[in-house]
1. Restricting attention to segment 141-160, report how many residues are open to solvent by 60 Å² or more (accessible area, probe 1.4 Å), within 17 Å of G2 (Cβ to Cβ) and either at pLDDT 70 or above or of a type in the set (D, E, K, R) (or both).
2. Just to be sure I understand the filter: pairs with C-beta atoms under 9 Å, separated by 6 or more residues or on different chains, first member in segment 197-208 and among the basic types (K, R), second member at pLDDT below 90 and surrounded by fewer than 22 Cβ atoms within 10 Å (Cβ to Cβ). Which pairs pass?
3. Taking segment 18-58, which residues are open to solvent by 60 Å² or more (accessible area, probe 1.4 Å), touching a residue at least 12 places away in the same chain (Cβ under 8 Å), in a helix (DSSP H, G or I) and of a type in the set (A, V, I, L, M, F, W, C)?
4. In this structure, does L220 turn out to be under 23 Å from the mean Cα position of the chain (by Cα), among the aliphatic types (A, V, I, L, M), modelled with pLDDT under 90 and under 23 Å from I145 (Cα atoms)?
5. Just one of (1) touching a helix residue (DSSP H, G or I) at 6+ places or on another chain (Cβ under 8 Å); (2) at pLDDT below 85 trips up N48, so point out which.
6. Does V165 satisfy being more than 28 Å from I62 (Cβ to Cβ), exposed (fewer than 14 other Cβ atoms within 10 Å of the Cβ) and not charged (D, E, K, R)?
7. Give the residue that is nearest to R246 (Cα to Cα), with candidates limited to residues of segment 4-17 that are at pLDDT 85 or above and open to solvent by less than 40 Å² (accessible area, probe 1.4 Å).
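The values are calculated or read from the model by the stated rules, or taken from the named source; none is laboratory data. It should be emphasised that the depicted structure is a prediction, and the values quoted were computed from it without experimental measurement. Neighbour counts run over all protein chains shown; Cβ positions are idealised from the backbone, glycine included. When the accessible area is computed, the model is the full protein with side chains, heavy atoms only, and any ligands, DNA or RNA have been set aside. Shrake-Rupley method; radii C 1.70, N 1.55, O 1.52, S 1.80 Å.
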Amino acid sequence: GGPQLWVRTGLGSKWGFTTAWLLWVQIFPGMVMVAPTLGPLLGNTIGNQVLGQNHWFTLACIIIIYWIITLLNLKFDMAKFAGNFGVWFGVYIPFAVMIVMGVAALAKTGINVNSVLGSFSAGKLIPDVSTLKYVAAISFIFTGIETLGVYVPRMKKSNDFVTGVIFALVAMVILNLLNAFIVANVVPKGNTELTNITQPIILFCKILGWPLWIANVFSLLAAVGVFLQLSGWVTGPSQSMIQVAREGLVPSKWGFFKHNDIGVAKNVILTQTTMITLFALMYALPDINNVFLLLTNTTTLLYCVLYFLIAISFVRLRYTQPDTKRPYHVGKSGNAAAWIWTI
């Protein structure tokens, strides 16, 4: 049951269902937020940057590719396949290439005052109100890091989990700041393409005088990675809906409790894909950047409500079930540490 089980134990079945519902519906805008990167990636793979930024092409990519992914998930265990290969193609290799090229470009040109980064001034250290719309998008980077907590019971020392999470958070902050710095230093001010991951790679190639086929290969690898990662996310959040359906909190005529041999509930997945298709129609609008930002903020806000419920449940369980044996306990004694971490 994951988060749904946690909240149900702390606040009751009604809020447990709410948690399961939020965990599921956030994937509707969430998938449509991630999938648009496939359009620019496929366009750049064949060297057609204009096609990659066409909103109709982006819309077609989202709908067609996501339905293909859905049909594959009904037949195969794509989550396992994606976990083995998707993270390498979609994250590690492209990220390493971007960092190496970015640092090389920075060493060659120095700070570009005409870029998004611009020149430094003390006043810029104070956030401008206009930049607050990006806070949710930045926060989205860190959502989901708590899901590995399900493996705590398997660990010899449960305290190692906290150490691992803190290390991961610090590493993510440092690497994302470095990546943001080198990318902002080459992208011309006012020309950021939020869904085009390859934009900085193309600019790096031009600055370094390297062949553009590097950008084509980068796009292909990232596209394969995104495809596999999307495949892995199709069935994950839906598991919470299967659980609440088994508990009788969803009308039985919906058939959400039925699943096949690999644990995939056909009715849940098809409903999910239909809703994602409807959300994808937002890309019929030509302003890709604003649509992307709206979907990102919506996904993050839904996820934050989920965290809010988990936090309340956590504190409440410290008072209602203080003697329950658990693999990890926040604070040596009392509930002060629990309140501090929750806030």
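1. Summing the residues that are open to solvent by 60 Å² or more (accessible area, probe 1.4 Å), within 17 Å of G2 (Cβ to Cβ) and either at pLDDT 70 or above or of a type in the set (D, E, K, R) (or both) in segment 141-160 gives 2.
2. Partner pairs satisfying both residue conditions: K206/L212.
3. Listed by number, the residues that qualify are W21, L42, W56.
4. Criteria not met by L220.
5. Exception for N48: condition (1).
6. In short, no.
7. Only one residue tops the list, namely G16.
This table checks each residue for (1) more than 19 Å from N44 (Cα to Cα); (2) among the basic types (K, R); (3) over 24 Å from the mean Cα position of the chain (by Cα).
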| site | (1), (2), (3) |
| --- | --- |
| N185 | yes, no, yes |
| G190 | yes, no, yes |
| T195 | no, no, no |
| C205 | no, no, yes |
| P211 | no, no, yes |
| G225 | no, no, no |
| I242 | yes, no, no |
| S252 | yes, no, yes |
